[in-house]
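The next block holds one structure in the form of structure tokens; read it before the comments.
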Amino acid sequence: MKITNVEIYKLELPTDQWMLVEVETDEGISGWGEVTGSCDDQGLAGILREAGERLVGLNPLHIQEREQEFCRWTYPVLRTIRTYATALSGLDQALWDVTAKHYGVPLYKLYGGDGKTEIPLYANLNKALRKERSPKALAENGALAVKAGFQMVKCTPFDEINPTNVDNDSEKAWERLEALISAVPIGRIAIDCHQRFERHTLARMVEEMTGRFGNPYWIEDPVAVLDYETMHFMNQKYPAVRWAAGEDALDMKQILTTMCSGCYEVLMPDIKYIGGPSAVKGLIPAAEGYGCKVTLHNPNGIIATAHSAHASALCKSTIPMEYPFAAVADRELLATPHEVVRDGFYILNGEPGIGVAISDEAMREYGFRYQNGHFEKLKA
């Protein structure tokens with residue numbers, strides 16, 4: 001088997017944008033990876049185009065060999081630049097998809113996760129509410145998630161908090177959270193802070209939140225991830241609070257440093273940034289052996305969600321995986337076969353590889369292909 005082409009696509013959906021890479025082979029098998037969130041789509045596409053040209057004619061099944069050239073030491077260091085890390089992670093996803101399809105097995109079985117047919121999910125409420133941040137909208141979306149079978153949700157209530165301000169007013173955050181609690185118990189709500197706090201503001205926030213509402217399911221990314229001094233203090237002061245972090249890690253060293261800090265019980269690597277399945281399938285047993293729980297960060301499109309679900313089959317923990325609830329209307333219809341999320345679970349459909357691809361209809365309606373240095377609309 002030989003690689004014949006690498007294509008880069010952008011899907012401009014009405015309420016979201018997904019960046020994708022496809023590896024094509026001479027056996028007619030294609031593999032998909034998602035590269036959304038690189039912070040530089042044009043630079044990302046250029047990296048993937050150059051990498052693709054170097055991969056043509058090589059065997060996609062030799063994943064380590066294919067990627068070794070791109071992971072060699074360089075100065076300045078490229079591997080920990082987000083755009084470069086996203087590109088390599090996307091290629092890794094696509095090569096694993098090709099490999100599993102070649103052997104005719106679902107990807108999770110190739111990893112050793114056979115026996116699982118569904119992956120528990122929690123509902124990310126933020127993606128669907130980026131333009132409507134009212135307490136009422138948050139509560140309504142939370143109620144819809146519960147009705148759809150999700151046992152846990154995640155919200156981002158602290159829009160007004162800025163770490164550069166000495167004093168922050170959290171009242172609007174409490175209004176949002178109080179509204180959401182009317183639909184979902186606080187113990188089933190994860191709070192994502194997007195690193196908006198410093199030690200004194202974080203301590204005040206946690207004191208007030210736990211006093212008003214009780215302990216949430218977890219508090220995610222409360223401070224800059226390397227601020228371990230603050231997190232050691234917070235762990236000692238609030239031992240009943242579960243802390244989560246890791247979504248921005250761009251390689252194994254970064255996520256393992258966070259793990260070994262002892263500050264975070266829950267690690268949240270993103271398969272799009274950390275190195276793809278090659279990194280995640282090794283990280284999960286290592287982190288669980290160390291005493292941490294792993295749940296993949298996944299506010300993502302159909303392709304990264306599928307890859308994350310297959311990798312999550314390796315998790316022993318029952319902590320659910322992130323899913324962008326209601327972020328794209330009729331999202332499941334954009335895939336072939338359709339993405340199946342039922343009663344708060346991602347259903348592994350038993351098809352080879354990741355089991356889904358973007359449908360031809362969705363590509364024609366929303367797709368752009370990168371060629372001649374820019375993205376051109378696909379012909380209907």
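Closer than 21 Å to Trp32 by Cβ and open to solvent by 10 Å² or more (accessible area, probe 1.4 Å): does that describe Ser278? Spell out the reasoning first.
Details: closer than 21 Å to Trp32 by Cβ: yes; open to solvent by 10 Å² or more (accessible area, probe 1.4 Å): yes.
Yes: the conditions hold for Ser278.
Report yes if Pro269 is under 27 Å from Val328 (Cβ atoms) and within 22 Å of the chain's Cα centre (by Cα), otherwise no.
Taking the combined requirement at face value, the residue satisfies it.
Which residue is farthest from the chain's Cα centre (by Cα), if the candidates are limited to the stretch 188-204 and must be basic (Lys, Arg) and assigned to a helix (DSSP H, G or I)?
Going residue by residue through the stretch 188-204, those that are basic (Lys, Arg) are 188, 196, 199, 204.
Filter once more, so that each one left must be assigned to a helix (DSSP H, G or I): 188, 199, 204.
On the way: Arg188: 20, Arg199: 27, Arg204: 29 Å.
Among those that are basic (Lys, Arg) and assigned to a helix (DSSP H, G or I), it is Arg204.
With (1) closer than 18 Å to Lys127 by Cα; (2) among the small types (Gly, Ala, Ser); (3) surrounded by 19 or more Cβ atoms within 10 Å (Cβ to Cβ) as the list, and Ala329 as the residue in question, which single condition is left unmet?
(3)
For the subset of the stretch 117-145 comprising residues that are free of Cβ contacts under 8 Å to residues at least 60 places away in the same chain and assigned to a loop (DSSP other than H, G, I, E, B), which member is most open to solvent (accessible area, probe 1.4 Å)?
So the residue we want is Lys131.
Here are Lys101, Lys109, Lys10: which of them is among the basic types (Lys, Arg), in a strand (DSSP E or B) and open to solvent by 20 Å² or more (accessible area, probe 1.4 Å)?
Sole residue among the options that is among the basic types (Lys, Arg), in a strand (DSSP E or B) and open to solvent by 20 Å² or more (accessible area, probe 1.4 Å): Lys10.
When you go through (1) farther than 30 Å from Ala357 by Cβ; (2) in contact with a helix residue (DSSP H, G or I) (Cβ under 8 Å, 6 or more places away or on another chain) one by one for Val146, which number turns out not to apply?
It is condition (2) that Val146 fails.
Test Leu180 against the criterion of being assigned to a helix (DSSP H, G or I) and touching a helix residue (DSSP H, G or I) at 6+ places or on another chain (Cβ under 8 Å), and give yes or no. It would help to see each step written out before you state the result.
On the way: assigned to a helix (DSSP H, G or I): yes; touching a helix residue (DSSP H, G or I) at 6+ places or on another chain (Cβ under 8 Å): yes.
Yes.
Might you let me know whether the stretch 150-173 holds any residue that is touching a residue at least 12 places away in the same chain (Cβ under 8 Å) and assigned to a helix (DSSP H, G or I)?
Checked against the condition, which is being touching a residue at least 12 places away in the same chain (Cβ under 8 Å) and assigned to a helix (DSSP H, G or I), the stretch 150-173 yields at least one hit.
Test Glu229 against the criterion of being within 27 Å of the chain's Cα centre (by Cα), outside any strand (DSSP E or B), among the charged types (D, E, K, R) and surrounded by fewer than 22 Cβ atoms within 10 Å (Cβ to Cβ), and give yes or no.
Against the criterion (within 27 Å of the chain's Cα centre (by Cα), outside any strand (DSSP E or B), among the charged types (D, E, K, R) and surrounded by fewer than 22 Cβ atoms within 10 Å (Cβ to Cβ)), Glu229 qualifies.
List the strands (runs of 3 or more DSSP E) that sit entirely inside the stretch 269-377 and contain at least 3 residues that are basic (Lys, Arg), under 19 Å from Thr258 (Cα atoms) and modelled with pLDDT of 95 or more. If you could, list the steps in order and put the result at the bottom.
Working: elements: 321-324, 345-347, 367-371, 374-377.
Where strands (runs of 3 or more DSSP E) fall fully within the stretch 269-377, none carries at least 3 residues being basic (Lys, Arg), under 19 Å from Thr258 (Cα atoms) and modelled with pLDDT of 95 or more.
Select, from Ala183, Ala179, Ala148, Ala203, the only residue that is surrounded by fewer than 22 Cβ atoms within 10 Å (Cβ to Cβ), within 17 Å of Val241 (Cα to Cα) and either small (Gly, Ala, Ser) or touching a Pro at 6+ places or on another chain (Cβ under 9 Å) (or both).
Ala203
The values are calculated or read from the model by the stated rules, or taken from the named source; none is laboratory data. Because the structure is a prediction, the values reported are computed rather than measured. FYI the Cβ positions are ideal-geometry reconstructions off the backbone, even for glycines, and counts take in every protein chain you see. With ligands, DNA and RNA removed, areas are computed over all heavy atoms of the protein, side chains included. Shrake-Rupley method; radii C 1.70, N 1.55, O 1.52, S 1.80 Å.
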